[in-house]
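In what follows, a structure is listed as structure tokens, so that the remarks can point back to it.
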Amino acid sequence: MAEFEESSEESEMSDFELSEDLNNFDLVNMNENERRRLERQWNALVSDSDDDEEDFEGFEPEELYAPRGFVWMNKENQRDLFQFSDRVGPTRVLDGSRKASEYFQIFYSNELFDNIVRLTNLNATIKRGRGDKGVWTDLSLDEIKAFYGILIIMDTMKFERDELYWSESDTHWLLGSKIGQVMSRDRFFQIKRYLHFSDDKRISNDKLQKVRYLLDHLRRAFQSEYVPHKQVTVDEAMVPFKGRLSLKQYIKDKPVKFGIKIWVLADAVSSYCYNFDVYVGKNAKIVNGNLGLSSKVVIALAKPIEMKGYEIYTNNFFTSPHLADYLYQRKTYLCGTVRTNRKDYPKALVQSNAAARRMCRGTSDWLMSGPLLASYWKDKRIVYYLSSCHRPVGDQITVRRNKDGTNTSLSCTPTVTDYAKYMGGVDRLDQRTRLSKEKKNMQWYRRIEIKLRECALFNAFVLEGTVVDHNPPGKRARDFLSFRMDVAHELIGNKQGTRTFKRPRQLNIDEERLDEKAHWPVPSGSVDRLCEVCNKKHKNYKASHPGVSMTDNPFKRSKSSLMCGKCKVPLCITTKSTCFVDFHTKVYYWQ
């Protein structure tokens, strides 16, 4: 993340900083690098058009923030903190009799599934009008639920290729699953091909148009169904994607280095995903010339919870004195690590590298300006903090460190302990909803939909945990995996798919056909006899796809003038055909 954070510093400049920074340029003897840098900063200042605005829900550009002067002193100031009083947990009355799928359908409701069915059928109609072949049957509500149940199971039973879930190979007989009893392979891939979440009619500059309906629907559902704890976390999550895409980001210090970035506000205690937004590119607009772009992310995500006494925990990419002061005026409080070069952060508190090396572990110091507390604490290295809701010192607060098998207790401040306790909300959510990087999925918007589905599953699991004890005494804990399996099987229900063929209970294997002795091709005496293998495959496909025409049937009935001299069966013998070999080596040669 270091590389991204360095590049983002330019966009954090205020109007005053930019005008001061112009004095550093020699406008007459300017080299190419200086010229480009000046152009970037000037464009960032003058680009105030609505077209450059990112799509943050609830952000009001007309809200003006008037920064006060920051005077930092080693004196504890009194704060007038708003007391958090909201009732934490689900907003509706839930009971333990609900099934796992009912919690999931609080977010993926029948209304949402109906719209996916409608848009998928519309997409199939449009593409088939352009020449797509094959028989298409309109998707139904029960079928799309079964399809999503299969997707959840596939995310748990990970195969490199989706075809392997339907494998019935005699050679690799350990592969495969019972998914084929729910839905045929061809039908599954047909639905996956046409799955769609937008009607694509609206002409707009919205880069997220293909998933805009899902984003808006799930954001509203996440916020309306749950009240988070007093402590919340703002951080980024990554959706893995390596294809060509303007939204794609590269963060070298993340486990997922290439992908689509999502800003997330999550409950710091339960990791419930409360608010989110997809990052669509750097925005050149600076809020009122004082709050930078990273501050705008926090302000927009925290809009639904402001004026209620919440505490927001952020990392050093977001934290700044001006953001903390702005949120304090909105009865919302900030705590996080901070970069020492942030505007108006007290330089008197910043230690040199030489001074830091001489310090003992556990050393701390602080300064206050109004309600803002700036502090540092030395562990292996010095970490700088900024908080608007913590006292400078606490009563004998210590943390344990283990080095070479020896436990050591270090004194620390309330800011350090609370930050370590509450900062991991988004990271835990991202771990529980992590997507596989190995499986290929060419459509970027499908990746975003999978991430949203995983977040909906985890949020449903959190809701279930408010009414069901996930750690009953004397029993196995209810984990997220068992919840996912329950949701998948309940969505599938009793749906049964049409199998391509049925195997007999007792096999009557033609021993002569498979004995591999004296099977030689000879002329059949006719040129109009159909190949036994081709004809069998053609009939099986027709039986499993009622109404398919001979043109749309992928298995053509070939004629052959040769046959097996021992079996007396006409078979194809060409460079492109394996019918002769399959007939004499496979029990089920029509597969």
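Residue 135 falls short on exactly one of the conditions (1) surrounded by 11 or more Cβ atoms within 10 Å (Cβ to Cβ); (2) under 22 Å from the mean Cα position of the chain (by Cα), and that condition is (2).
The number of residues in region 535-579 that are farther than 26 Å from residue 188 by Cβ and of a type in the set (A, V, I, L, M, F, W, C) comes to 9. You will find that of 97, 109, the residue that is open to solvent by 70 Å² or more (accessible area, probe 1.4 Å) and of a type in the set (Gly, Ala, Ser) is 97 and no other.
Selection of region 439-488 for residues being open to solvent by 50 Å² or more (accessible area, probe 1.4 Å) and acidic (Asp, Glu) yields 469, 479, 486.
I'd like the residue in region 256-307 that is of a type in the set (Phe, Trp, Tyr), open to solvent by 10 Å² or more (accessible area, probe 1.4 Å) and touching a helix residue (DSSP H, G or I) at 6+ places or on another chain (Cβ under 9 Å) and, out of all such residues, is modelled with the lowest pLDDT. Step through it out loud before you land on a result.
Keep residues of region 256-307 that are of a type in the set (Phe, Trp, Tyr), which gives 258, 263, 272, 274, 276, 279.
In the following step, the residues that additionally are open to solvent by 10 Å² or more (accessible area, probe 1.4 Å) were identified as 258, 274, 279.
Now narrow it down to the ones that are touching a helix residue (DSSP H, G or I) at 6+ places or on another chain (Cβ under 9 Å): 274, 279.
On the way: 274: 98, 279: 93.
Checking each candidate, the answer is 279.
Within region 224-253, the set of residues being more than 11 Å from residue 265 (Cα to Cα), under 16 Å from the mean Cα position of the chain (by Cα) and buried (at least 17 other Cβ atoms within 10 Å of the Cβ) comprises 238, 239, 240, 241, 247, 249, 251.
Taking region 215-255, which residues are of a type in the set (S, T, N, Q), in contact with a strand residue (DSSP E or B) (Cβ under 9 Å, 6 or more places away or on another chain) and more than 18 Å from residue 457 (Cβ to Cβ)?
In the first step, residues of region 215-255 are kept if they are of a type in the set (S, T, N, Q); the result is 223-224, 231, 233, 246, 249.
With in contact with a strand residue (DSSP E or B) (Cβ under 9 Å, 6 or more places away or on another chain) added as a condition, the list becomes 223, 231, 233, 249.
Selection gives 231, 233, 249.
Filter region 444-458 down to residues that are touching a strand residue (DSSP E or B) at 6+ places or on another chain (Cβ under 6 Å) and either closer than 18 Å to residue 491 by Cα or without any contact (Cβ under 8 Å) to a residue 40 or more places away in the chain (or both), then give me how many there are. Of the residues in that region, 1 qualify.
The set of residues in region 383-405 that are open to solvent by less than 80 Å² (accessible area, probe 1.4 Å) and modelled with pLDDT under 75 contains only 405. When 340, 417 are checked against the criterion of being part of a loop (DSSP other than H, G, I, E, B), more than 30 Å from residue 457 (Cα to Cα), among the β-branched types (Val, Ile, Thr) and open to solvent by 30 Å² or more (accessible area, probe 1.4 Å), 340 stands alone in meeting it. So is residue 297 touching a His at 6+ places or on another chain (Cβ under 8 Å) and either in contact (Cβ under 8 Å) with a residue 40 or more places away in the chain or not in a helix (DSSP H, G or I) (or both) or not? Considered against the rule, which asks whether it is touching a His at 6+ places or on another chain (Cβ under 8 Å) and either in contact (Cβ under 8 Å) with a residue 40 or more places away in the chain or not in a helix (DSSP H, G or I) (or both), residue 297 comes out as no. For region 162-191, filtering for residues that are acidic (Asp, Glu) and either part of a helix (DSSP H, G or I) or buried (at least 17 other Cβ atoms within 10 Å of the Cβ) (or both) leaves 3.
When residues of region 200-223 are filtered for being open to solvent by 60 Å² or more (accessible area, probe 1.4 Å) and within 30 Å of residue 93 (Cα to Cα), how many remain?
If we filter region 200-223 for residues that are open to solvent by 60 Å² or more (accessible area, probe 1.4 Å), which is where we start, we get 200-203, 205, 207, 210, 213, 220.
Checking the rest, the ones that are also within 30 Å of residue 93 (Cα to Cα) come to 213, 220.
Total meeting the criteria: 2.
For region 546-565, the criterion of being within 22 Å of residue 173 (Cα to Cα) and either assigned to a loop (DSSP other than H, G, I, E, B) or open to solvent by less than 40 Å² (accessible area, probe 1.4 Å) (or both) is met by no residue. Only residues that are in contact with a Lys or Arg (Cβ under 8 Å, 6 or more places away or on another chain) and among the basic types (Lys, Arg) were counted across region 244-272, and they come to 1.
Would you check which residues across region 573-591 are assigned to a helix (DSSP H, G or I) and within 22 Å of residue 542 (Cα to Cα) and list them?
Matches in region 573-591: 579, 582, 583.
If only residues of region 489-504 that are modelled with pLDDT of 70 or more and within 24 Å of residue 168 (Cα to Cα) are counted, the one that is surrounded by the fewest Cβ atoms within 10 Å (Cβ to Cβ) is 494.
Among the candidates 507, 429, the residue that is over 23 Å from the mean Cα position of the chain (by Cα) and either modelled with pLDDT of 85 or more or exposed (fewer than 15 other Cβ atoms within 10 Å of the Cβ) (or both) is uniquely 507. A single entry from 326, 333, 310, 345 fulfils the requirement of being more than 30 Å from residue 223 (Cα to Cα), touching a residue at least 12 places away in the same chain (Cβ under 8 Å) and open to solvent by less than 30 Å² (accessible area, probe 1.4 Å): 345. Of all residues in region 300-337, those that are among the β-branched types (Val, Ile, Thr) and part of a helix (DSSP H, G or I) total 1.
Taking every residue in region 503-525 that is closer than 13 Å to residue 587 by Cβ and among the charged types (D, E, K, R) and pairing it with any residue that is at pLDDT below 85 and in a loop (DSSP other than H, G, I, E, B), at least 6 positions away or on another chain, the pairs with Cβ-Cβ distances below 8 Å are 503/588.
The values are calculated or read from the model by the stated rules, or taken from the named source; none is laboratory data. If you're wondering where the values come from, they're calculated on a predicted model, not measured in any experiment. For neighbour counting, all protein chains shown are included, and Cβ atoms are generated from backbone atoms with ideal geometry for every residue, glycine included. Side chains included, ligands, DNA and RNA excluded: accessible areas come from the protein's heavy atoms. Shrake-Rupley method; radii C 1.70, N 1.55, O 1.52, S 1.80 Å.
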